[in-house]
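Presented below is the structure to which this report refers.
The values are calculated or read from the model by the stated rules, or taken from the named source; none is laboratory data. It should be emphasised that the depicted structure is a prediction, and the values quoted were computed from it without experimental measurement. Cβ: placed from backbone, ideal geometry, glycine included. Neighbour counts: every protein chain shown. Please note that ligands, DNA and RNA were not included when accessible areas were found on the heavy atoms of the full protein model with its side chains. Shrake-Rupley method; radii C 1.70, N 1.55, O 1.52, S 1.80 Å.
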Amino acid sequence: MSEIKTYDVIVLGAGPAGLAAGYAAKQAGADVLIVEREDRAGGILKQCIHDGFGIIRFKQKLTGPEYAERYIKMVNELSIPMLMSTFVLGIQKNNELFELQLVNKKNGVFALRARALVLANGCRERTSKQVFIHGSRPAGIYTAGTAQYFVNIMGMLPCKECVILGSGDIGLIMARRLTLEGSKVLGVYEAKSTPSGLARNIVQCLEDYNIPLYLSHTITRIIGSGRVEAVEISKVDESMKPISGTEQVVKCDGVILSVGLVPENEIAESLDIKLDPNTKGPLVDQNFMTTMEGVFSCGNALHVNDLVDYVSESGELAGLQASRYARNSHNRNLIEIKSNNRDFLYVVPQYIDTSSDNKSAVIYYRSRDVKQNVKVIIRCGYNIVYQNKHSVIRPPEMEKAELDLSNISINQDCKLEIIMTEG
Amino acid sequence: MRKITCIICPRGCTLEIEEAQGNEGYIVTGQMCKRGREFAINELTNPTRTITTTVKTIYPEIPRLPVKTSGEVPLGKIFEVMKVIDKAVVTHMVKSGEVIVKNVLDLDVDIVAASDMYIMMGV
């Protein structure tokens, strides 16, 4: 048997996070390999043919494939090896080295070793089972991403007259896409009282095409055997419970679900890495290192981002820090960042490693509710280290705070705390 | 006065626009950057959009090629432009930016490839 090759950094996933991580790790001098289970790099960007990607990163409105291509070219220029159509079977940590079992068509089952790992596995869509739509399983129910794959990659129309459940961005974008391709989108139904997607997508995907948005409404039953024939729609109360007597039947042949994304962390869980119940991604420090030394997380596997630009940004940081760890690890001193679930959906990172040389931290946060005229403050004891006024803060829009930690003494008695106040 | 959500960037500012007294054009408020004003005036007088869609190809590995308009087209012309794009077929390998349909409907806008088929094929 041939000798097992050891890399400084192995990146799992060749979507926007993984490509950026591989690029940054290589630029920092690491010996890097990117592993991808699909046959092409680019991740979900391959099917996101709409534009608006890269406004922050490249100061241009690019389509998803164009954005992905830029990173694929950057990775190719540095001659970073990529193993495509390759699946990870298992990972063990032995004596500070990670041993990966992989499988692909060319090599069969084989092993590789790495000093550091970057998990860039992206996220998955919630399915109909996860939002408790019960009943028979006729054809015609798709997640928005599956419908997007049918239309944009295969060139097939999944339905002629459909309803969309959930007002997430992909659902809104698919409402426009299906309309442009000749389907009739009868309406977008959202159980919450505010839209989940960005305001610009409500305008350019729904209002431009006169597609109605029904807030505080949900699908309570799917009718049809073999193929979807209709859905039963009900109004819901503030606690999102259907109000009886409000049911109405809408005839359609398709149901598109856009009910949220969940970070993919099967590999992290197999390594017993601790996950945050709020983000569903790993708990990390300011270097995006998880609770397991040497394992980094980035992109939508860490938390679901609203912009790919931030996904790349987190990939670059994780890749750089993974390459540093591979060469020179240090004992971490993790101090938690205090936050509360009442005001915040989540805050990332959850820890500061006070013994790291990296004294700059970017704190990402999302508000739990739509609020006007609030101040977000980050303090360390009585010392206010950051404050930002938001005239309006909305859950779909991720906010970020850039902190310089070099003059702040964080310790167990003086933790960073993020608070939201009026004013 | 009309309320408009700016779609230039993901921030989505709420703009308010009204015609100014006399010959001063429009008064636009609520924008957090310079682009908001121009957007609000266009939205009131001639709203335009970029179209992103796909065209057929002759390659079974890539049945569809992502394309976009090289500039914005009037909102009201979108379905007419889509009809032209629907008829186009890509019969050779193209790179991003290559023109697929020239000067669509005489709008001074081309339909261009928004993906590199060589990268899509992995070559």
Q. Could you say whether any residue in segment A:74-95 is touching a residue at least 40 places away in the same chain (Cβ under 8 Å), within 14 Å of chain B (Cβ to nearest Cβ) and farther than 28 Å from A:Ile273 by Cα?
A. yes
Q: Taking only segment A:320-337 into account, find how many residues are touching a Ser or Thr at 6+ places or on another chain (Cβ under 7 Å) and over 18 Å from A:Lys93 (Cβ atoms).
A: 2
Q) Mind checking which residues of segment A:362-405 are open to solvent by 40 Å² or more (accessible area, probe 1.4 Å) and aromatic (Phe, Trp, Tyr)? A) A:Tyr382
Q. What are the residues in segment A:273-312 that are assigned to a helix (DSSP H, G or I) and more than 14 Å from chain B (Cβ to nearest Cβ), if any?
A. A:Gly299, A:Asn300, A:Ala301, A:Ser312
Q: Go through (1) open to solvent by less than 50 Å² (accessible area, probe 1.4 Å); (2) free of Cβ contacts under 8 Å to residues at least 24 places away in the same chain one by one and return the number of the condition B:Leu75 breaks.
A: (2)
Q. Does any residue in segment A:32-56 that is within 11 Å of chain B (Cβ to nearest Cβ) come within less than 6 Å, Cβ to Cβ, of a residue that is part of a loop (DSSP other than H, G, I, E, B) and among the hydroxyl-bearing types (Ser, Thr, Tyr) six or more places away or on a different chain, and which pairs are these?
A. A:Asp39/A:Ser85; A:Asp51/B:Thr50
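Going by the structure shown, is A:Val374 in contact (Cβ under 8 Å) with a residue 40 or more places away in the chain and touching a His at 6+ places or on another chain (Cβ under 6 Å)? Let's see the steps before the verdict.
Working: in contact (Cβ under 8 Å) with a residue 40 or more places away in the chain: yes; touching a His at 6+ places or on another chain (Cβ under 6 Å): yes.
Against the criterion (in contact (Cβ under 8 Å) with a residue 40 or more places away in the chain and touching a His at 6+ places or on another chain (Cβ under 6 Å)), A:Val374 qualifies.
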(Q) List the strands (runs of 3 or more DSSP E) inside segment A:1-111, counting only whole elements, that have at least 1 residues being basic (Lys, Arg) and open to solvent by 30 Å² or more (accessible area, probe 1.4 Å). (A) A:87-94
**Q.** From the options A:Ser167, A:Ser183, residue that is farther than 30 Å from A:Val392 by Cα, away from every other protein chain (no Cβ under 12 Å) and polar (S, T, N, Q)
**A.** A:Ser183
Q | Residue list for segment A:195-222, filter: open to solvent by 20 Å² or more (accessible area, probe 1.4 Å), closer than 25 Å to A:Glu247 by Cβ and either more than 13 Å from chain B (Cβ to nearest Cβ) or among the hydrophobic types (A, V, I, L, M, F, W, C) (or both) | A | A:Ser196, A:Pro212, A:Leu213, A:Tyr214, A:Leu215, A:Ser216, A:His217, A:Thr218, A:Thr220, A:Arg221
Q: Sort through A:Gly182, A:Gly168, A:Gly187 and tell me the only one that's touching a residue at least 24 places away in the same chain (Cβ under 8 Å) and either surrounded by fewer than 17 Cβ atoms within 10 Å (Cβ to Cβ) or touching a Cys at 6+ places or on another chain (Cβ under 9 Å) (or both).
A: A:Gly182
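Give the residue that is nearest to A:Gln47 (Cα to Cα), with candidates limited to residues of segment B:89-110 that are within 13 Å of another protein chain (Cβ to nearest Cβ) and buried (at least 16 other Cβ atoms within 10 Å of the Cβ). Explain how you work it out, then say what you get.
Of all residues in segment B:89-110, those within 13 Å of another protein chain (Cβ to nearest Cβ) come to B:89-90, B:94-98.
Restricting the remaining residues to those that are buried (at least 16 other Cβ atoms within 10 Å of the Cβ) gives B:90, B:94, B:96, B:98.
Details: B:Val90: 18, B:Val94: 18, B:Ser96: 15, B:Glu98: 19 Å.
The residue in question is B:Ser96.
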Q: Check whether at least one residue in segment B:48-57 is free of Cβ contacts under 8 Å to residues at least 60 places away in the same chain and loosely packed, with under 15 Cβ neighbours inside 10 Å, and report yes or no.
A: no
Q. Checking B:Ala40 against (1) within 12 Å of another protein chain (Cβ to nearest Cβ); (2) under 19 Å from A:Ile202 (Cβ atoms); (3) open to solvent by less than 70 Å² (accessible area, probe 1.4 Å), which single condition isn't satisfied?
A. (1)
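Within 12 Å of chain A (Cβ to nearest Cβ), in contact with a Pro (Cβ under 7 Å, 6 or more places away or on another chain) and free of Cβ contacts under 8 Å to residues at least 60 places away in the same chain, is that true of B:Leu65?
Details: within 12 Å of chain A (Cβ to nearest Cβ): yes; in contact with a Pro (Cβ under 7 Å, 6 or more places away or on another chain): no; free of Cβ contacts under 8 Å to residues at least 60 places away in the same chain: yes.
Answer is no for this residue.
For (1) at pLDDT 95 or above; (2) of a type in the set (A, V, I, L, M, F, W, C); (3) part of a strand (DSSP E or B), each residue gets a yes or a no:
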{"residue": "A:Arg124", "(1), (2), (3)": "yes, no, yes"}
{"residue": "A:Arg137", "(1), (2), (3)": "no, no, no"}
{"residue": "A:Phe150", "(1), (2), (3)": "yes, yes, no"}
{"residue": "A:Tyr214", "(1), (2), (3)": "yes, no, yes"}
